[in-house]
Amino acid sequence: MPAKVFIDGEAGTTGLGISARLADCPGIERRSLALEQRKDPDAKKALMESVDVVVLCLPDDAARETVALAKAMGDRAPRILDASTAHRVAEGWTYGFPELASGQPEAIRTARFVSNPGCYATGAIALLRPLVDAGLIPSDFPVAINAVSGYSGGGKTMIADYERGHAPAFEAYSLGLEHKHVPEIQRYARLDRRPIFAPSVGNFAQGMLVCAPIFLDDLPGRPKGADLEAALAAHYAGSQYVRVMPAEASGRIEPESLNGTNDLELRVFASEGRRQAVLIAKLDNLGKGASGAALQNLELMLQGDA
Ligand SMILES: NC(=O)C1=CN([C@@H]2O[C@H](COP(=O)(O)OP(=O)(O)OC[C@H]3O[C@@H](n4cnc5c(N)ncnc54)[C@H](OP(=O)(O)O)[C@@H]3O)[C@@H](O)[C@H]2O)C=CC1
Ligand SMILES: CC(=O)N[C@@H](CCC(=O)OP(=O)(O)O)C(=O)O
């Protein structure tokens, strides 16, 4: 019996990405609303009663509205996988990063509500959580993160601006230091101190680098770059999608080579002479940063019983 899935917001950037990936999943049957009913709560509620999982690919407020509809349905409600930021650190929601810790896949498998991680947050948490868990980075360490994303990260509006040539070649943004991914990065990297996060967007469609520069002698154990790399490799040993790669000797890295995949690559660029390192995660913002992660979570959710 195929599992029935409804993507709320299916016509958007993330929704289209998930739909494309679902097309290759024979065990999953897609249910949709007629175009004119897409934003009709009654039609949405009726459809939700007939599916196993609803995937939310909506702006935050719309995602909250659909969750409220589901909660009003009681035990007839479907399980929910939310790609928005709305529930990332909300009570009763499981964070959809299976590689976070050993018990996370099982937690996702049995959860009623799963929140798909943010694209930048995926890279930042993948780099930092294992190092905090290993005691190499203290939870109160002053972490600074910078990143560059392809413009598809901004959704339909930003895509249209870039494709019409109405956008700068490169832009640093969110310099009020209130980016919406910081709460989930702090929570799931287990940092007691709010990290600084400075994102940017470049004139390329997809792909992403998330970087965390570190003064090695500021870490209590004064580790080598190789120690950080070894701790990451130990955490992700056997992982299907997350790989620790050797840092390029050229000292250069581009953001697009993982586009179209659900892969996430981690590197430690270090100078022992300077006792400095830059931790870098590479991913596709629409892949492991969105629809690839959503499929990974959906597959786990459909294996388990909530
Ligand atoms: N782009 C990315 O790289 C990523 C985005 N996300 C998150 O996923 C969510 C969607 O983002 P993205 O796909 O980029 O955004 P888009 O703007 O590309 O798509 C959003 C879609 O939701 C539709 N929509 C809006 N309100 C409603 C509603 N009440 N009921 C039904 N549909 C509605 C929109 O329709 P209409 O245009 O007609 O209003 C649009 O088709 C956001 O929360 C975003 O933060 C997560 C990971 C990565
Ligand atoms: C370039 C750009 O604008 N990127 C978006 C990231 C979108 C995203 O992935 O946000 P959620 O996954 O949290 O919904 C931003 O910085 O808001």
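The values are calculated or read from the model by the stated rules, or taken from the named source; none is laboratory data. Being a predicted model, the structure only gives us computed values, none of them experimental. Don't worry about glycine lacking a Cβ; one is built from the backbone with ideal geometry, like all the others, and counts go over all protein chains shown. Side chains included, ligands, DNA and RNA excluded: accessible areas come from the protein's heavy atoms. Shrake-Rupley method; radii C 1.70, N 1.55, O 1.52, S 1.80 Å.
Points worth noting:
- Matching residues, the stretch 134-171, being touching a helix residue (DSSP H, G or I) at 6+ places or on another chain (Cβ under 6 Å), under 22 Å from P223 (Cβ atoms) and within 14 Å of ligand 2 (Cβ to nearest atom): I145
Rundown of residues vs (1) within 20 Å of I280 (Cα to Cα); (2) surrounded by fewer than 14 Cβ atoms within 10 Å (Cβ to Cβ); (3) assigned by TED's automatic domain parsing to the domain that holds I280; (4) within 14 Å of ligand 1 (Cβ to nearest atom), yes/no style:
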{"site": "A147", "(1), (2), (3), (4)": "yes, no, yes, yes"}
{"site": "K156", "(1), (2), (3), (4)": "no, yes, yes, yes"}
{"site": "G165", "(1), (2), (3), (4)": "no, yes, yes, no"}
{"site": "R187", "(1), (2), (3), (4)": "yes, no, yes, no"}
{"site": "D192", "(1), (2), (3), (4)": "no, yes, yes, no"}
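- Screening the candidates G103, G74, G96 for the property of being farther than 12 Å from A189 by Cβ, open to solvent by 30 Å² or more (accessible area, probe 1.4 Å) and either at pLDDT below 95 or touching a Leu at 6+ places or on another chain (Cβ under 9 Å) (or both) yields one hit, G74.
- Test: residue in the stretch 99-117 that is free of Cβ contacts under 8 Å to residues at least 12 places away in the same chain and of a type in the set (A, V, I, L, M): no
- Members of the stretch 17-47 that are touching a helix residue (DSSP H, G or I) at 6+ places or on another chain (Cβ under 8 Å) and under 18 Å from N297 (Cβ atoms): G17, I18, A20, R21, L22, C25, I28, R30
- Residue satisfying condition, being under 24 Å from E265 (Cβ atoms), open to solvent by less than 40 Å² (accessible area, probe 1.4 Å) and touching a strand residue (DSSP E or B) at 6+ places or on another chain (Cβ under 9 Å), within set G17, G118, G123: G123
- Residue check: D61 meets all listed conditions (1) within 11 Å of ligand 1 (Cβ to nearest atom); (2) exposed (fewer than 13 other Cβ atoms within 10 Å of the Cβ); (3) assigned to a loop (DSSP other than H, G, I, E, B) but one, namely (3).
- Scanning the stretch 127-143 for residues that are farther than 25 Å from S239 by Cα and either without any contact (Cβ under 8 Å) to a residue 40 or more places away in the chain or loosely packed, with under 14 Cβ neighbours inside 10 Å (or both) yields a total of 2.
- Residues (farther than 25 Å from D60 by Cβ and in contact (Cβ under 8 Å) with a residue 60 or more places away in the chain) located in the stretch 144-191: A144
- Residue tally, condition without any contact (Cβ under 8 Å) to a residue 12 or more places away in the chain and either part of a helix (DSSP H, G or I) or outside the structural domain of A68 (by TED's automatic domain parsing) (or both), over the stretch 38-48: 3
- Every pair of residues 6+ apart whose Cβ atoms lie under 7 Å, when the first sits in the stretch 49-73 and is without any contact (Cβ under 8 Å) to a residue 60 or more places away in the chain while the second is open to solvent by 40 Å² or more (accessible area, probe 1.4 Å) and outside any helix (DSSP H, G or I): S50/R31; V51/R31; M73/E49
- Given (1) part of a strand (DSSP E or B); (2) open to solvent by 60 Å² or more (accessible area, probe 1.4 Å), number of the condition M1 does not satisfy: (1)
- Count of residues meeting criterion [in a loop (DSSP other than H, G, I, E, B) and more than 15 Å from A290 (Cα to Cα)] in the stretch 12-37: 8
- Of the strands (runs of 3 or more DSSP E) entirely within the stretch 209-297, those holding at least 3 residues that are surrounded by 21 or more Cβ atoms within 10 Å (Cβ to Cβ) occupy 264-271, 276-283.
- Every pair of residues 6+ apart whose Cβ atoms lie under 7 Å, when the first sits in the stretch 252-265 and is in contact (Cβ under 8 Å) with a residue 12 or more places away in the chain while the second is open to solvent by 40 Å² or more (accessible area, probe 1.4 Å) and not aliphatic (A, V, I, L, M): E256/Q206; N259/Q206; N262/Y241; D263/Y241; D263/R243; L264/Y241; E265/R243
- Some residue of the stretch 25-46 being away from ligand 1 (no atom under 14 Å from the Cβ), open to solvent by less than 20 Å² (accessible area, probe 1.4 Å), more than 26 Å from Y236 (Cβ to Cβ) and out of contact with any His (no Cβ under 8 Å at 6 or more places or on another chain): no
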